[in-house]
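Report on one structure; see the data block that follows.
What follows is calculated from the coordinates using simple rules that are stated; it is not laboratory data. What you are looking at is a predicted structure, and each value in this text was computed from that prediction instead of being measured. For neighbour counting, all protein chains shown are included, and Cβ atoms are generated from backbone atoms with ideal geometry for every residue, glycine included.
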Amino acid sequence: MKILNFVVRSPYYRVSPSPWPPLVAFCLVNMAIGLVSWMYRVNYSINIILVGGLLLVSCLYLWWRDVLREGDQGYHSKYVIKTYRDGMIMFIVSEVMFFFSFFWAFFHSSLSPNVEVGGNWPPCGIRSPNAFSIPLLNTWVLVTSGISVNYAHNSLKCRDYDYGSIIGMIFTIVCGIFFVKLQYMEYFSNSFCISDSVYGSVFYMLTGFHGAHVIFGTLFLMVTLGRLWFGHFLLNRRFGFEACVWYWHFVDVIWIAVYIFVYVWGGGQLFDLWYKYWEG
């Protein structure tokens, strides 16, 4: 009697046991313990955080090195790349939900300001930033960086691995650093802090977390530029580059929403222009 074998080889790559996930989890727990200790003013808590952060960066570097080697050895089939794409999309959606919660707090406080803030928005005593100064320049910087990263991506798809793609990435990185510099200048010149009513809290939470995402995105661009320089990307093998482009466009779109609603509308700029128009 012939026994039929119905076992089919899986199109997915089954990774071998790796020490990096538990080590990364250990580093994160170590940093969390250090952070709580720092809040309670425990001695040497900063050292615990720094050591945990150093170990975390080392473990992540080795983990990503192994993932890149798996790709070089041909283990990343189209099914594996699809799971990477789905994971990146879900990650960006989770980031959108993260910012959605802060926008919810902003609109909840601004559309119906209560008596604690004087019934006005911005609250009484708050001088909101001028939306047509540094924030407008920052908007131009991020929109320009989105164009340059698209230029780099299109150059890569046209097999321009040495000039257009590298120049576009360098220009995008410069724009990201310039944005962070301008954000610091704006914070330094603001007349209110995060503890000045709900306006200060929501303003700095939205713009501050977006600035943190710009910093992480710039680091992502730097790593991608390094991989591009060493020839890790080709026309038919460029998902890491595409993931970087997706994340940077997410940063662009979120900033446009922050600029329109927090600076222009929430800062009273539109009302001032409308009032001056009818007064004149």
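In what order do Phe203, Phe99 fall by count of nearby beta-carbon atoms within 10 Å, going from fewest to most? Each step should come with its number before you reach the end.
Numbers: Phe203 27, Phe99 19.
By the 10 Å Cβ count, ascending, the order reads Phe99, Phe203.
Ignoring aspartates and glutamates fewer than eight residues from Lys82 along the same chain, the ones with Cα atoms less than 13 angstrom from its Cα are Glu242. In this label model, Leu60 and Phe216 are separated by 0.8 nm, measuring between points 7 Å along each Cα→Cβ vector. Report, to the nearest 10°, how far helix 45-72 tilts away from the longest principal axis of the Cα atoms in the chain, using its own Cα long axis and a range of 0 to 90°. With rounding to tens, the tilt is 50 degrees. Between the helical axis of 20-39 and the longest alpha-carbon principal axis of the chain there is an angle of about 30 degrees.
Could you list Arg159, Arg237, Arg41 in order of exposure, starting from the residue whose Cβ has the fewest other Cβ atoms within 10 Å? Intermediate results must be reported in sequence, preceding the final value.
Numbers: Arg159 10, Arg237 13, Arg41 7.
With the sparsest Cβ surroundings first, the list reads Arg41, Arg159, Arg237.
Using a Gaussian network model of the chain in which every pair of alpha carbons under 10 angstrom is joined by a spring, one finds that among Trp140, Trp104, Trp248 the greatest mean-square fluctuation is at Trp104. If one takes the longest principal axis of the Cα atoms in the chain, at what angle in degrees, from 0 to 90 and to the nearest 10, does the Cα axis of helix 164-189 lie? Approximately 30 degrees, to the nearest ten. Among the listed values (1) -0.27, -0.45, -1.38; (2) -0.37, -0.59, -1.33; (3) -0.23, -0.39, -1.38, the one computed from these coordinates for log10 I(q)/I(0) by the Debye sum over Cα atoms at q = 0.07, 0.09, 0.16 Å⁻¹ is (2).
Karplus-based coupling profile of the stretch 204-217, in residue order and whole Hz: 6, 5, 5, 6, x, 5, 5, x, 4, 5, 5, 4, 5, x, with θ = phi - 60° in 6.51 cos²θ - 1.76 cosθ + 1.60 and x standing for Gly or Pro.
Given contacts defined as C-alpha pairs under 8 Å and at least six residues apart, what's the relative contact order of the stretch 144-280, whole-number percent?
Values: 102 pairs, mean separation 36.8, N = 137.
Once divided by the residue count of the stretch 144-280, the mean separation gives 27 percent.
With the crude spin-label approximation of a point 7 Å out along Cα→Cβ, what separation in nm comes out for Leu50 versus Phe91? Distance between the two pseudo-spin positions: 2.9 nm. The phi torsions of the stretch 232-238, fed into the Karplus equation with coefficients 6.51, -1.76 and 1.60 and a -60° offset, translate into couplings of 7, 10, 9, 4, 9, 8, 8 Hz, rounded to whole numbers, with Gly and Pro shown as x.
The label-point distance for Cys193 and Ala32, in a model that sets each label 7 Å from Cα toward Cβ, rounds to 3.0 nm.
Each Lys and Arg adds +1 at its Cβ and each Asp and Glu adds -1 at its Cβ; summed about the Cα centre, the chain shows a dipole of about 1140 debye. In terms of surrounding Cβ atoms within a 10 Å radius of their Cβ, Thr224, Thr207, Thr144 rank from fewest to most as Thr144, Thr207, Thr224.
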